[in-house]
Structure formats: C-alpha cells, structure tokens
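Written below as structure tokens is the structure these notes are about.
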Amino acid sequence: MSRSIWAWVESERGVAAEASLEVLGEARRLADKLKIRVVAVCPSAEPQAESLGPRGADVELAVLSPGLDRFTVEGALAAAAAAAKDYPPEAVLIAATARGSALAPRLAARFGWGYAPNSVMFEGDPAQGLEVRRAVLGGKADALLRFQPGSTTVVAFPPGLIGLDPPQPRRRSERVVSELDGADIGPASVAVLETIPADPATVSLDEAERIVAGGLGFAEREDWALLERTAAALAGSVGASKPVFDRGWVDQQRLIGQSSGRRLAPQLFVGVGVSGSTHFVEGMKDSASIVAINRDKGAPLAALAELTLVGDLYQILPELIRRIGGTDELNTAGAARPLEGDSS
C-alpha cells in the first residue's frame, strides 16, 4: 500500500466545507514535500458534487451510507475504519470545527494514533517523523511536538488559520466509493433532531459566509450601528479593522487582519470605510468576492475589490439597506460628518 496523508472532509449535501478545503490544501503542501498521496476522506450520504482534485486530492474516498446524512461521532469513526483498510494514513489533517473538535481526539484514541490539537504549523521528514507546533497559553506561546517516524498523527487546525489556496483546474483525482451499512455504524450515543443555522450576528468570523467590516470611516461610536444594520440586512457578520478594535468598539473576536491570527475566506466581504493596509488585507484577501465602500477611490482595498462604491458611507449604507429590504428607520444624522482616514 502506498503512503498517504488524509484530509478529513466535512460536507453538507455534497458540498465540502471551506475549513476542510483549507486542510486539504495544507495536506497537499506536505504531500508534495514527502512525495506521498493525499486522500480526501469524505464521509457522507452522497458523493461530493465537485471534484476535490483541483483542491489537492489525489484520491477522493467517498465513504457513503444513509446513516451518514448527519454527523455523529460513531458514524465518523466507522467511516475512518473503512478508509484505513485500504488507505492507512501517516497523518490525518482535520479542521477543528465543532464536529472536527469532537472527532479528532476520539479518532486518535480509537486507533492509537498521536494527537496534536490547536496546531499552527507542521512539517514532515521520513527520517525524523512529524513535527507540529501548537498554540498554548491562550496563543501567547507555541509548543513543539515531535512524533516518531512510522507513527500516525491526527493534526487539528483552527478554521481560518491556513486560508484557501487557489484551485488548480488541471489537477485530477481518482474517485473511490466505499459503502457502509447500518450495522457498520451502530447506534449513535447522541440523536441529531434538527440542524439550526448559525446566527450571523454571533457566529465566528471563521465560519461566516458573509462579512461586513468597518474601519475609521465611521466617525463616532454610535454610528457603528449603521454597519451592524447593513450586516443584518445582508445576513452577514460584523468585522472590524484594528484601529476600530483599539477604540474598544468591538471585541477581539470581530478583529480582522494579521493581528487576529486568522485568514478569512468568506463568500462575500464588504469593507466599509477601510483603506486596507497590508496587515488588514492579509486577513481577508482570500475572500471569494470583495466589495469596497470608501470615499477614496485610490484606497488599497478598492484596488483589490471586484466592486467599489465611491462616496460617503453615511449616504450609501442607508440606501443599500433600503434596497435590500432592511429597515428604513436608520440614524443618518452623521451624513454630514467627514470621513477619517483609516490606517488599518
């Protein structure tokens, strides 16, 4: 059997989660160095709708069963056991989402594999084994873990840490199907009764599909409500540049840029009153679509955006909210306030 690295792929209705695509790209990077294969392990009730070859997979192993229509730890462990029969891994990369965080330590315990949670970097060498750096002490320090050559290690990465690599359209993968029946999975210890979509107002920016971020274009703290209403109208999450965070208008979970330690890649990113310094852009440049709203058409973020609205945000945002069906009871008292520059 050839050597392989697993990338564990979460999916809904055949669509891979963004966090899983991040670890797939990281698996590709290490596999190229070690000259081994990347196996995308996809436990689900239906196959992936799109090929994962362009994202880095050499093999797409679809472990299929009606019992995998919703996530359970028992189902995921049964899928891993099926995958390990033909594709024993040297490392298992998994996104530390709510599901991944529940599965990763149990995966290591079930199969006697090593475990490295909250990882920030890892390297591999056939002679030296796997070397993993993981965040400790609330992210203030790193711990260095070394695993013996020939051992298998489960490496869990916080979502948004790695960022998405651009797909390589010419890369192809082999699709393999393994089917499980109910007896293989067994009874679940927890029954999933309903899946409730996350509230965009409280969801982590790592998991947000739409982000509306503001900078120092907002003159006063009370004006920030205008950005929050815009985000609500777009069913998006609120983000902020570091100068706004430094003013105490948002907590650290809303911070965007290198200071946050995250690379966000939502489907839509709207930057309002943000000039877009290098530090800020590094935290969101992987977004699928970028819109900039700024008085300065020469702002760095405007050059990166697919669409730029040049004008006063105090005039643009109320009209934007009105057109997409949000409330028209907006405080536009700040319409005459000048926009400040933003060093974010």
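Here, each number is a calculation from the coordinates, and none is a lab measurement. Because the structure is a prediction, the values reported are computed rather than measured. Counting neighbours? That spans all protein chains shown, and the Cβs are built from the backbone with ideal geometry, glycine included.
Counting other Cβ atoms within 10 Å as a rough exposure proxy, the listed residues ILE316, ILE36 run ILE316, ILE36 from fewest neighbours to most.
Here each label is just a point 7 Å from Cα along the line to Cβ, and for ALA188 and LEU144 those points are 4.3 nm apart.
For LYS285, a cut-off of 24 angstrom between C-alpha atoms picks up these lysines, skipping any fewer than 8 places away in its own chain: LYS242, LYS297. In loop segments of segment 180-234 as defined by DSSP, the GluC sites (Glu not before Pro) with at most 13 further C-beta atoms inside 10 Å of their C-beta are GLU194, GLU220.
Ratio to report: Rg/Rh of segment 205-336, with Cα atoms as the point set and Rh obtained by the Kirkwood method; give two decimals. Mind dumping the intermediate values first?
Values: Rg = 13.3 Å, Rh = 14.4 Å.
Using Cα coordinates only, the ratio equals 0.92.
Of all GluC sites (Glu not before Pro) in segment 1-68, which ones are in loop regions per DSSP and have a Cβ with at most 15 other Cβ atoms within 10 Å? Passing sites in segment 1-68 are GLU50.
When you filter the trypsin sites (Lys or Arg not before Pro) in segment 231-276 for DSSP loop state and at most 16 other Cβ atoms inside 10 Å of their Cβ, you are left with ARG247.
Indicate, rounded to the nearest 5 percent, the antiparallel portion of the DSSP beta bridges found entirely in segment 1-115. Expressed as a percentage, antiparallel bridges in segment 1-115 total about 10.
Only beta bridges with both residues in the chain are counted; by DSSP, about 25 percent of them are antiparallel. A crude spin-label estimate for the pair LYS33 and GLU123, with each label 7 Å from Cα along the Cβ direction, gives 0.6 nm.
Rounded to the nearest 500, what is the 222 nm mean residue ellipticity of the chain from helices alone, with -39500 (n - 2.57) per DSSP H run of 4+ residues and division by all residues? All intermediate terms of the calculation are to be shown ahead of the outcome.
On the way: 9 runs with 84 residues, N = 344.
Here the helix-only value at 222 nm equals -7000 deg cm²/dmol.
Of the residues LYS242, LYS33, LYS140, the one that moves most in a GNM of the chain with alpha-carbon contacts below 10 Å is LYS140.
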